[in-house]
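Report on one structure; see the data block that follows.
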Amino acid sequence: MNENLHIHIESLTAKVLENLASKSVVDKNDERTGVFMDMNDAIEASYVAQKELVKLPMEERNSLIESIRACANQQAEELAKMTVEETGMGRVEDKILKNKLAAEKTPGTEDLRTESFSGDNGLTVVELSPFGVIGSITPTTNPTETVINNGIGMIAAGNAVVFSPHPSAKKTTVKVIQMLNEAIVEAGGPRNLLTTIAQPKVEQTNILLSHEKIQMIVATGGPGLVNLALSSGKKTIGAGAGNPPALVDETANIEKAAEDIVAGASFDNNLPCTSEEEVIVVDSVADYLKFNMKKYRTYEIEDKNTLKKLEELIIQDGRINKAYVGRDAGYILEKIGISTEQDVRLIMMEVDFNHPLVQLELMMPILPIVRVKDVKQGIELAVKAEHGNRHTAIMHSKNVDHLTEFGRKIQTTIFVKNGPSYCGIGIGGEGHTTFTIAGPTGEGLTSAKSFARRRRCVLVDGLSIR
Ligand code: NAD
């Protein structure tokens, strides 16, 4: 083929693909499944739906939630495949697990516990009531899990939700919202309890942040988003970035610590904001830890030039190159000219504490290792690496004093001891799950009660039967 013609066809194809990517997922309002062309219409529709929701008895609210759970469980695999295809990030098998986790371990209405006081002056109860319509801004790293998780918790508390999807995950985010809305309608609930827009844009998010019918904002994403949401003047739950350190001391079960660290750091290719982002290990056990990590499909980069190549690939102008977020370890290795026969899950390397691989939240299956002389220095550096995000930290140790001291100093919302990081969100650890971990605003692992207002109801001089 003529060279010029070939170039012309290539550029036309690129333009068509670009146009397709910027196209809306639907081209007109779809009220049955909650997808709108304009944010104002989505908000108005959810406003009406919320008024219908609160007319239903709690038993019916529970049936809607059961229907959402069943749908999300049934569609977990399809949604996982769609997400990986659309975003190019993460691992299908891990995303299936995360979708199922959100479907099964997100608390429902049982989370709304009434408080009471009774005495000479009667009976007072504190009830958890809805805010109304919540604006939920969702990330690209857990798009479907966040919709399932926030959807259940927010509806359980009696709210309707307008979602602003991440542009790079819009197709999948819109799809899960459509599926869940159908499940709600099938169970006899109102249309548009969950709504969204077909074409996410910053201007549309701004409408959400300033609309008078939005009573709460829940922002799940990086610091830029959380700060933007906090400046909205509305009640805001901010779930921001982390940079979780995993600290290993000389008393730990090193074989198990190695297995746990690899499992946590490579889970969904390091996309969860809770994943181990750097290991800080006491020198006397560092070699044995690395030796054991290699048993679990971990590749160590030892050569300085190769490390330089990796840095140039994944860090640009002091920031992470988003093209490599959530990519497979094998894919990243290939890009720096390394091919391995083994199906590598994680890439590790030894670096100094100040290295950008330690300081940046990578969200890639790449794990820098920093040696320290003792646990005291380890605690000090791990606290610095977390940057005051108050998000997640992990420690492997059998010494209660060490664990206590680290817990006190690190002040994170989640502190996992002697397990993979994901135990902190209910995978192999006790407690409910969430995909909105609110460190900056302090709600912690959000659930229905985080999306409810506390209202006091006082009956004077009656119904106290003590
Ligand atoms: P991101 O901040 O790029 O995007 C999150 C959402 O905010 C998207 O919908 C995006 O379109 C929107 N957004 C971002 N900046 C905006 C702006 N200026 N105006 C309007 N909308 C804006 O985050 P991401 O890449 O999708 O997710 C990764 C980040 O989120 C990581 O830092 C991770 O730690 C964090 N995260 C935190 C939690 C948590 O629970 N704390 C959960 C998931 C992700």
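The values are calculated or read from the model by the stated rules, or taken from the named source; none is laboratory data. None of the values given here were measured: they were computed from a predicted structure. Every residue, glycine as well, gets a Cβ built from its backbone with ideal geometry; the counts of neighbours run over all protein chains shown. Quick note on the areas: whole protein, heavy atoms, side chains included, nothing else; ligands and nucleic acids left out. Shrake-Rupley method; radii C 1.70, N 1.55, O 1.52, S 1.80 Å.
Calculate the translational D of the range 245-430 in whole µm² s⁻¹ from Stokes-Einstein, where the hydrodynamic radius comes from the Kirkwood formula applied to all Cα pairs, the temperature is 10 °C and the viscosity 1.306 mPa s. Result for D is 98 µm²/s.
Less than 5 angstrom separates the built amide H of residue 163 from those of 136, 195, 196, all sequence-distant by 5 or more or on a different chain.
In deg cm²/dmol and to the nearest 500, what is the mean residue ellipticity at 222 nm of the chain if only DSSP H runs of at least 4 residues count, each as -39500 (n - 2.57), divided by the residue total? Each step should come with its number before you reach the end.
Details: 16 runs with 194 residues, N = 466.
Rounded to the nearest 500, it is -13000 deg cm²/dmol.
Remark: the range 27-32, residue by residue, has Karplus-estimated 3J(HN,Hα) of 10, 8, 4, 10, 5, 5 Hz, where x stands for each Gly or Pro and the curve is 6.51 cos²θ - 1.76 cosθ + 1.60 at θ = phi - 60°. Computed from backbone phi, the HN-Hα couplings of the range 284-291 come to 5, 10, 4, 5, 5, 5, 4, 4 Hz, rounded to whole numbers (Karplus: 6.51 cos²θ - 1.76 cosθ + 1.60, θ = phi - 60°; Gly and Pro given as x). For residue 131, the residues whose modelled amide H falls within less than 5 Å of its own, excluding neighbours fewer than 5 places apart on the same chain, are 453.
Please report the antiparallel percentage of DSSP beta bridges with both residues in the chain, rounded to the nearest 5.
Values: 19 of 60 bridges.
So the antiparallel bridges in the chain amount to around 30 percent.
Phi angles of the range 401-417 translate, via the Karplus equation with coefficients 6.51, -1.76, 1.60 and θ = phi - 60°, into HN-Hα couplings of 5, 5, 4, 5, 5, 5, x, 5, 7, 7, 6, 7, 5, 10, 10, 9, 10 Hz per residue; Gly and Pro are given as x.
Quick one: compute the contact order of the range 245-430, relative version, from alpha carbon pairs under 8 angstrom and 6+ residues apart, as a percent.
Numbers: 341 pairs, mean separation 59.2, N = 186.
Computed value for the range 245-430: 32 percent relative contact order.
Given contacts defined as C-alpha pairs under 8 Å and at least six residues apart, what's the relative contact order of the chain, whole-number percent?
Averaging sequence separation for qualifying contacts and normalising by length gives 21 percent for the chain.
Between the C-alpha center of the range 415-446 and that of the range 116-165 there is a gap of 18 Å.
Antiparallel as a % of all DSSP beta bridges within the range 245-430, to the nearest 5? Kindly include the intermediate steps, with their values, before the conclusion.
On the way: 2 of 24 bridges.
Antiparallel bridges make up about 10 percent of those DSSP assigns within the range 245-430.
Label-to-label distance for residue 304 and residue 339 is 2.9 nm, based on points extended 7 Å past Cα in the beta-carbon direction.
Any number yet on Rg/Rh for the chain, C-alpha, Kirkwood?
Rg/Rh: 1.02.
Model label sites at residue 74 and residue 52, defined 7 Å from Cα along the beta-carbon direction, differ in position by 2.0 nm.
Based on the Cβ-Cβ distance of residue 408 and residue 288, what FRET efficiency does E = 1/(1 + (r/R0)^6) give at R0 = 22 Å, to the nearest 0.05? Present the calculation step by step, with values, prior to reporting the outcome.
Numbers: r = 28 Å, r/R0 = 1.26.
That pair, residue 408 with residue 288, gives E of 0.20.
Of 163, 144, 262, which is farthest on the positive side of the dipole of the chain, counting Cα position, with +1 on Lys and Arg Cβ, -1 on Asp and Glu Cβ, and the Cα centre as origin? Checking the options against the dipole of the chain, the answer is 163. In straight-distance terms, cross-link reach from residue 398 covers every one of the lysines whose alpha-carbon lies under 28 Å from its own, apart from those fewer than eight places away in the same chain; here that gives 256, 290, 294, 295, 373, 376, 384, 409, 417. Near the amide H of residue 366, within less than 5 Å, lie the amide hydrogens of 347, all on another chain or at least 5 residues away, with H placed in the peptide plane.
Given axes a ≥ b ≥ c from the Cα gyration tensor, I'd like to know whether the range 264-351 is rounded (a/c under 1.5), prolate (a/b larger than b/c) or oblate. Note, shape of the range 264-351 comes out rounded.
Average accessible surface for the range 245-430: 44 Å² per residue, computed with a 1.4 Å probe over protein heavy atoms with every protein chain in place.
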